[in-house]
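K.L.:
A single structure is presented below for examination.
Computed from the coordinates by the stated procedures, all read-outs in this text should not be read as laboratory data. None of these values were measured; they are calculated from a predicted model. We place every Cβ from the backbone using ideal geometry, glycine too, and count neighbours over all the protein chains shown.
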Amino acid sequence: MSDLVVLSPHLDDAALSCGGRIARAVRGGRRVTIATVFTRDEPVEPPSALASNLRRWWRLPPGEVMVRRRAEDVAASGVLGAEAVHLDFAEAPYRIDASGAALYATLPALFGAVDAADEPLVDELAARLADRFTASEIIGPLGVGNHVDHQVVRRALERARPDAAFYEEFPYTEWKFFAVRRALGEPRAWRADVLPLADDEVAARLAAIEAYASQLGTLFRTSGRLRRQLRRSLRRTGGERLWRRLSPADEPAR
């Protein structure tokens, strides 16, 4: 059983956002699992133009999108010394309603409100997390950037594990002003835990991110831009930040 579970919506979020923390934990002798939620094979017929475009943006052949991405995840997890676990739920662009229509057919929809048809998904994921990871420390996504899959995972984790902590999602933290504050909702209700990273931990995080070759170009265009953005982010925050919700008694007076 793992000492630490890092819950990742997609096949890259954990390494992108807290790869240094994972490397530190492994180096300290902890057993770490990166559990990625949305890893199911893409449908043969994409339900929307957005779903069809994903494989073009990622330069992956039809029928091999998620196979290749899962392989990248295993490689990235290996760089960090963690175990990769894939939970086999479908990513948002591939989810459909009862009539077969895409729930999230456009980019604005992908970063908007969670569709009511996804409420059973939140319930199912919460039950799965509560059943499978009860004895481990668990951290998950804060929802910076407002991607619907990140919202679903955060909501499920909050239901399953009130003691969970939440990481800020890079690079959304660098792309959107005040995105962390919006994700927190009420900053007074949270406590930040900042982990300064050693040079070798930054290097491990970068190497793990670069293992996601299909995503690198879309997210950063070049490895050089990735490195500049990551180092700027670490300078601004002082390290990798986790957020823990305070009990009402611990919240500062208004």
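K.L.:
When the dipole is taken about the Cα centre of the chain, and only Lys, Arg (+1) and Asp, Glu (-1) are charged at their Cβ, what size is it in debye, to the nearest 20?
P.N.:
1120 debye
K.L.:
Might you report the magnitude of the Cβ-based charge dipole of the range 7-120 about its Cα centre, with Lys and Arg at +1 and Asp and Glu at -1, to the nearest 20 debye?
P.N.:
700 debye
K.L.:
Just name one of 76, 183, 198: the one whose Cα is farthest towards the positive end of the charge dipole of the range 4-249 (beta-carbon charges, Lys/Arg +1, Asp/Glu -1).
P.N.:
Of the candidates, 198 comes out farthest on the positive side.
K.L.:
Further question on the same structure: Counting other beta carbons within 10 Å of each Cβ, put 111, 177 in order, fewest first. Please list the in-between numbers first.
P.N.:
Numbers: 111 17, 177 8.
Fewest-to-most Cβ neighbours within 10 Å comes out as 177, 111.
K.L.:
Right, here's the next one. Cβ under 15 Å from residue 47's Cβ, residue 47 left aside: what net charge do those residues give with Lys, Arg +1 and Asp, Glu -1? Working shown, then result.
P.N.:
Details: positive: 40, 55, 95; negative: 41, 42, 45, 91, 97, 115, 118.
After counting each charged neighbour, the total is -4.
K.L.:
Next up: Using only Cα atoms, figure out Rg for the range 121-197 and give it as a multiple of 2.2 N^0.38 Å.
P.N.:
Taking the Cα Rg and dividing by 2.2 N^0.38 Å, one obtains 1.13.
K.L.:
Can you classify the range 50-159 as rounded, prolate or oblate using the Cα gyration tensor, where a ≥ b ≥ c are the square roots of its eigenvalues, rounded means a/c under 1.5, and otherwise it's prolate if a/b beats b/c and oblate if not?
P.N.:
Oblate.
K.L.:
Please sort through the DSSP H helices of the chain and keep those with an alpha-carbon extent of at least 15 Å along the long axis and a Kyte-Doolittle average not below -1.0.
P.N.:
Taking the DSSP H segments of the chain (at least 15 Å long, mean hydropathy at least -1.0), we get 13-27, 65-80, 119-132, 148-160, 199-210.
K.L.:
Determine the sum of side-chain charges near residue 155: Lys and Arg each +1, Asp and Glu each -1, restricted to other residues whose C-beta is under 10 angstrom from that of residue 155.
P.N.:
That works out to -2.
K.L.:
Between residue 219 and residue 3, what is the spin-label point distance in nm, taking each point 7 Å from the Cα along the Cα→C-beta axis?
P.N.:
2.6 nm
K.L.:
Relative contact order of the range 50-109: what whole-number percent is it, with Cα pairs under 8 angstrom and at least 6 residues apart?
P.N.:
Relative contact order for the range 50-109 comes out at 31 percent.
K.L.:
Along the charge dipole of the chain, which of 166, 138, 226 sits closest to the positive end, that is, farthest toward it, with unit charges on the beta carbon of Lys, Arg, Asp and Glu (+1, +1, -1, -1)?
P.N.:
Of 166, 138, 226, it is 226.
K.L.:
Something else about it: Of 246, 90, 121, which is farthest along the charge dipole of the range 4-249 in the positive direction, counting Lys and Arg as +1 and Asp and Glu as -1 at C-beta?
P.N.:
The Cα lying farthest towards the positive end belongs to 246.
K.L.:
Using a 10 Å cut-off around each Cβ, can you sort 122, 44, 37 from fewest to most neighbouring Cβ atoms?
P.N.:
Listed from fewest to most nearby Cβ atoms, that is 44, 122, 37.
K.L.:
Report the net charge of residues surrounding residue 116, where surrounding means a beta-carbon distance below 14 angstrom and charges are Lys +1, Arg +1, Asp -1, Glu -1. If you can, show how the numbers build up before the last one.
P.N.:
Working: positive: 95, 155; negative: 97, 115, 118, 119, 123.
Combined, the nearby Lys, Arg, Asp and Glu give -3.
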